[in-house]
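The values are calculated or read from the model by the stated rules, or taken from the named source; none is laboratory data. What you are looking at is a predicted structure, and each value in this text was computed from that prediction instead of being measured. Cβ placement follows ideal geometry from the backbone for every residue including glycine, while neighbour counts extend to all protein chains displayed.
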Amino acid sequence: MLKILPKIRRPVRCLSAVVAARNEGFAKVMQSDLLAFENFLGKDGVQKDDISNHITDWTGQFKGHGSVVLYPKSTEEVSAILAYCSRNKIAVVPQGGNTGLVGGSIPVHDEVVLSMNKINKQFSFDDTMGILQCDAGFILEELDNKLAKLGYMMPFDLGAKGSCQIGGNVATCAGGIRLIRYGSLHAHLLGLTVVLPDEQGSVLHLGSSIRKDNTSLHTPHLFLGSEGQLGVITSVTMTAVPKPRSVQSAMLGVESFKKCCEVLKLAKSSLSEVISSFEFLDADIMECLKSNLDLHPVLSKSTPFSILVETSGSNEDHDMEKMSAFLDECLSKNLILDGVLAGSSADAANMWKLRESAPLAVTRDGYVYKHDVSLPLENYYELTNVMKARCGDLAKRVVTYGHLGDGNTHLNITAGKRCEELEELMYPFLYEWVVAHGGSISAEHGIGQLKLPYSNLGKESEERLLTKKLKNIFDPNGILNPYKMI
Ligand code: FAD
Ligand code: MLT
Ligand code: ZN
């Protein structure tokens, strides 16, 4: 059923040109402030030159104007900085691995960048309960590697794992390719240490390090997806999951989107407890992977849609039997045109290389308009078709990949360079369409700067008001990550 939407105010010109004016209530960083920072962190904790990596986002589409990056090494140092900045009204942007895709992790005007890169020492793991406690600056892949030695793994995985940090993952409530199996980070988060941007730099230890605790509001969860608006996360306690001993991967070629949904239904029922990924690629992203990165499909036939399905379990024979039976049923029910089961980890890696290279492949066209939306499955691919028709020849490509098992599509529209005419066609139409069809304008990447003009869409005003009240409680001077999300 279509929802009737309130009219939203159109942003001034186009998406990435919507930059909020500098809030003149914030102080500019002076020499005396730099000396104070050096006093807290030492000279090597304050970087003034060569900071372009910290003020430009992964896509290269957002470039900020900050002049200093700070590297605290502990919660106490974060506290000292936030207390100082709050008292002196200096705006601050927390930064993890800077892999975010909505311009949330870089300064807009002259905010100080608070990098978490050096808060990465403390790591402990209870290998009976599967509970991890670690500093927020650990890179996701490093954590996975450490846990692998103990027979465990992180319950989520994403293409940016080599750079993104666990603190950033919590701050964005990262989704990724294992959510269908292990649920979102809400299912795993137990506790956090956070520093508030108030005049004391208050340090809060929220939640606990035990699996079950219903003694208070589940406060750490407020920080999941908080995008650096409420406080700086310095330590994370969460559950990890046993590392599977058997992983089976298969790539399927499918004729229609309707059949992709039928394959999903069948996969859920017949692979039930072992299904761990159900990823989607259309023929246009396959073509883009080939022409931009020289990556070739693993299926011999070219099909309109491809699905990468994976199981993770503890018994190879059992899982293999299930996967084979599932593939046979797909074939006998005429749901797939082609299918290949990975015979080795190298085969599986080739399949995953296709899916995980999709974000890079689209950037090679020149300019990419990324979308990260949730939709009911009946509208999931309809959006791609609607946008293809709407954009016509102005777009170089309209391609889709995504986490089909989670109802999350990544529709990417590319052009040789930024094109205002195309933007006029796309926005706000696309986001209004998503909300009118019962979807969310951000399934995983968040709001940041990119979607700020649309952040009211689909949200009740009471919820927006509550969010603002919470922001005021945590950040009374409004210094943390301004011009974004809230
Ligand atoms: P950053 O980019 O540094 O920051 C992101 C936001 O969190 C910013 O608002 C920042 O201020 C805030 N922040 C960071 N650290 C902290 C902290 N310690 N305390 C408070 N606030 C903090 N995302 C998905 O959800 N699923 C995917 O499958 C996925 N795949 C990706 C693939 C590629 C190739 C790339 C480039 C990105 C992908 N992303 C994906 C997006 C991105 O990797 C995630 O959002 C990730 O969780 C960001 O982590 P980060 O450490 O890089 O955070
Ligand atoms: C993905 O699933 O690949 C990521 O969310 C990144 C993207 O959307 O490009
Ligand atoms: Zn994704």
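Within the set of pairs 6+ apart or on separate chains, which have a first residue in the range 107-121 that is in contact (Cβ under 8 Å) with a residue 24 or more places away in the chain and within 15 Å of Glu227 (Cα to Cα), a second that is within 10 Å of ligand 1 (Cβ to nearest atom) and hydroxyl-bearing (Ser, Thr, Tyr), and C-beta atoms under 9 Å apart?
Listed by first residue and then by second, the contacts come to Val113/Ser105; Met116/Thr234.
Which residue is surrounded by the most Cβ atoms within 10 Å (Cβ to Cβ), if the candidates are limited to the range 328-339 and must be among the charged types (D, E, K, R) and not in a strand (DSSP E or B)? If you could, list the steps in order and put the result at the bottom.
To start, the set of residues in the range 328-339 that are among the charged types (D, E, K, R) comprises 328-329, 333, 338.
Then drop every residue that is not not in a strand (DSSP E or B), which leaves 328-329, 333.
Details: Asp328: 11, Glu329: 16, Lys333: 12.
The residue in question is Glu329.
Please specify each residue of the range 144-162 satisfying the condition of being within 15 Å of ligand 3 (Cβ to nearest atom) and under 28 Å from Leu480 (Cβ atoms).
Of all residues in the range 144-162, those within 15 Å of ligand 3 (Cβ to nearest atom) come to 156-161.
If the condition is that a residue be within 15 Å of ligand 3 (Cβ to nearest atom) and under 28 Å from Leu480 (Cβ atoms), then Phe156, Leu158, Gly159, Ala160, Lys161 are the ones that fit.
Here are the criteria: (1) at pLDDT 95 or above; (2) over 23 Å from Ile180 (Cβ atoms). Tell me which single one Lys301 does not satisfy.
Condition not satisfied by Lys301: (1).
Tell me whether the range 261-268 contains one or more residues that are over 12 Å from Gly405 (Cα atoms), without any contact (Cβ under 8 Å) to a residue 24 or more places away in the chain and surrounded by fewer than 22 Cβ atoms within 10 Å (Cβ to Cβ). If you could, list the steps in order and put the result at the bottom.
Within the range 261-268, the first condition is being over 12 Å from Gly405 (Cα atoms), and the residues that meet it are none.
Within the range 261-268 (the criterion being over 12 Å from Gly405 (Cα atoms), without any contact (Cβ under 8 Å) to a residue 24 or more places away in the chain and surrounded by fewer than 22 Cβ atoms within 10 Å (Cβ to Cβ)), the answer is no, since none of the residues qualifies.
Listed here are the residues, each with its yes/no results for (1) among the charged types (D, E, K, R); (2) at pLDDT 95 or above; (3) surrounded by 16 or more Cβ atoms within 10 Å (Cβ to Cβ); (4) under 30 Å from Tyr431 (Cα atoms).
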{"site": "Ala20", "(1), (2), (3), (4)": "no, no, no, yes"}
{"site": "Asp33", "(1), (2), (3), (4)": "yes, yes, yes, no"}
{"site": "Ala36", "(1), (2), (3), (4)": "no, yes, yes, no"}
{"site": "Phe62", "(1), (2), (3), (4)": "no, yes, yes, yes"}
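Strands (runs of 3 or more DSSP E) wholly in the range 143-255 with at least 1 residues that are touching a Lys or Arg at 6+ places or on another chain (Cβ under 9 Å) and under 30 Å from Ser314 (Cα atoms) - which ones? Reasoning before the result, please.
Values: elements: 189-195, 203-207, 232-239, 246-254.
Here the list reads 189-195, 232-239, 246-254.
With respect to His186, is the statement that it is away from ligand 2 (no atom under 16 Å from the Cβ), closer than 25 Å to Ser79 by Cβ and surrounded by fewer than 21 Cβ atoms within 10 Å (Cβ to Cβ) true?
Details: away from ligand 2 (no atom under 16 Å from the Cβ): yes; closer than 25 Å to Ser79 by Cβ: no; surrounded by fewer than 21 Cβ atoms within 10 Å (Cβ to Cβ): yes.
Spelling it out, it is not the case that His186 is away from ligand 2 (no atom under 16 Å from the Cβ), closer than 25 Å to Ser79 by Cβ and surrounded by fewer than 21 Cβ atoms within 10 Å (Cβ to Cβ).
Rundown of residues vs (1) of a type in the set (A, V, I, L, M, F, W, C); (2) surrounded by fewer than 21 Cβ atoms within 10 Å (Cβ to Cβ); (3) farther than 21 Å from Ser184 by Cα; (4) within 16 Å of ligand 3 (Cβ to nearest atom), yes/no style:
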{"position": "Ser105", "(1), (2), (3), (4)": "no, no, yes, no"}
{"position": "Val113", "(1), (2), (3), (4)": "yes, no, yes, no"}
{"position": "Met129", "(1), (2), (3), (4)": "yes, yes, no, no"}
{"position": "Asp135", "(1), (2), (3), (4)": "no, no, no, no"}
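Going by the conditions given, is Tyr401 of a type in the set (Phe, Trp, Tyr) and away from ligand 1 (no atom under 16 Å from the Cβ)? Let's see the steps before the verdict.
On the way: of a type in the set (Phe, Trp, Tyr): yes; away from ligand 1 (no atom under 16 Å from the Cβ): no.
In short, no.
Just to check your reading of the model, which residue among Gly201, Gly176, Gly168 is surrounded by 21 or more Cβ atoms within 10 Å (Cβ to Cβ) and within 14 Å of ligand 3 (Cβ to nearest atom)? Reasoning before the result, please.
Values: Gly201 fails: within 14 Å of ligand 3 (Cβ to nearest atom); Gly168 fails: within 14 Å of ligand 3 (Cβ to nearest atom).
Exactly one residue qualifies, and that residue is Gly176.
Is there a residue in the range 74-83 that is modelled with pLDDT of 95 or more, farther than 25 Å from Lys484 by Cβ and surrounded by fewer than 23 Cβ atoms within 10 Å (Cβ to Cβ)? Reasoning before the result, please.
If we filter the range 74-83 for residues that are modelled with pLDDT of 95 or more, which is where we start, we get 74-83.
Cutting the leftovers down to farther than 25 Å from Lys484 by Cβ gives us 74, 76.
Now drop any that are not surrounded by fewer than 23 Cβ atoms within 10 Å (Cβ to Cβ), which leaves 74, 76.
Yes, that holds for at least one residue.
Just to be sure I understand the filter: pairs with C-beta atoms under 8 Å, separated by 6 or more residues or on different chains, first member in the range 145-173 and at positive phi and at pLDDT 95 or above, second member aliphatic (A, V, I, L, M) and away from ligand 2 (no atom under 16 Å from the Cβ). Which pairs pass?
Close Cβ pairs satisfying both conditions: Cys173/Leu224.
Would you check which residues across the range 405-414 are under 18 Å from Met387 (Cβ atoms) and within 13 Å of ligand 1 (Cβ to nearest atom) and list them? Give the steps one after another, and end with the answer.
Step one: list which residues in the range 405-414 are under 18 Å from Met387 (Cβ atoms), which gives 407-414.
Correct list: Asn408, Thr409, His410, Asn412.
Is the range 384-393 home to any residue that is more than 16 Å from ligand 1 (Cβ to nearest atom), in a loop (DSSP other than H, G, I, E, B), at pLDDT 95 or above and surrounded by 19 or more Cβ atoms within 10 Å (Cβ to Cβ)? Show your work before the answer.
Of all residues in the range 384-393, those more than 16 Å from ligand 1 (Cβ to nearest atom) come to 384-393.
With in a loop (DSSP other than H, G, I, E, B) added as a condition, the list becomes none.
Within the range 384-393 (the criterion being more than 16 Å from ligand 1 (Cβ to nearest atom), in a loop (DSSP other than H, G, I, E, B), at pLDDT 95 or above and surrounded by 19 or more Cβ atoms within 10 Å (Cβ to Cβ)), the answer is no, since none of the residues qualifies.
Within the range 340-383, can you find the residues that are assigned to a strand (DSSP E or B) and over 14 Å from Phe280 (Cβ atoms)? Talk me through it step by step, then tell me what you get.
Of the residues in the range 340-383, the ones assigned to a strand (DSSP E or B) are 340-341, 367-370, 373-374.
Within the range 340-383, Val340, Leu341, Tyr367, Val368, Tyr369, Lys370 meet the criteria.
Give His437, His410 a once-over and let me know the one that is within 16 Å of ligand 2 (Cβ to nearest atom) and not assigned by TED's automatic domain parsing to the domain that holds Ile177.
Numbers: His437 fails: within 16 Å of ligand 2 (Cβ to nearest atom).
Answer to the selection: His410.
Residues that are touching a helix residue (DSSP H, G or I) at 6+ places or on another chain (Cβ under 6 Å) and within 16 Å of ligand 1 (Cβ to nearest atom): does the range 415-423 have at least one?
No: zero hits.
Assess whether Leu430 counts as being assigned to a helix (DSSP H, G or I), more than 23 Å from the chain's Cα centre (by Cα) and either away from ligand 3 (no atom under 16 Å from the Cβ) or not hydroxyl-bearing (Ser, Thr, Tyr) (or both).
Working: assigned to a helix (DSSP H, G or I): yes; more than 23 Å from the chain's Cα centre (by Cα): no; either away from ligand 3 (no atom under 16 Å from the Cβ) or not hydroxyl-bearing (Ser, Thr, Tyr) (or both): yes.
So Leu430 fails the test.
Are there any helices (runs of 4 or more DSSP H) wholly within the range 28-133 with 1 or more residues that are closer than 30 Å to Thr239 by Cβ, and if so which? Let's see the steps before the verdict.
Details: elements: 31-41, 52-55, 75-87.
Here the list reads 75-87.
Somewhere in the range 336-344, is a residue in contact with a Phe, Trp or Tyr (Cβ under 7 Å, 6 or more places away or on another chain), over 17 Å from Ser269 (Cα atoms) and not hydroxyl-bearing (Ser, Thr, Tyr)?
Restricting attention to the range 336-344, the residues satisfying the condition of being in contact with a Phe, Trp or Tyr (Cβ under 7 Å, 6 or more places away or on another chain) are none.
Checking the range 336-344: not a single residue is in contact with a Phe, Trp or Tyr (Cβ under 7 Å, 6 or more places away or on another chain), over 17 Å from Ser269 (Cα atoms) and not hydroxyl-bearing (Ser, Thr, Tyr).
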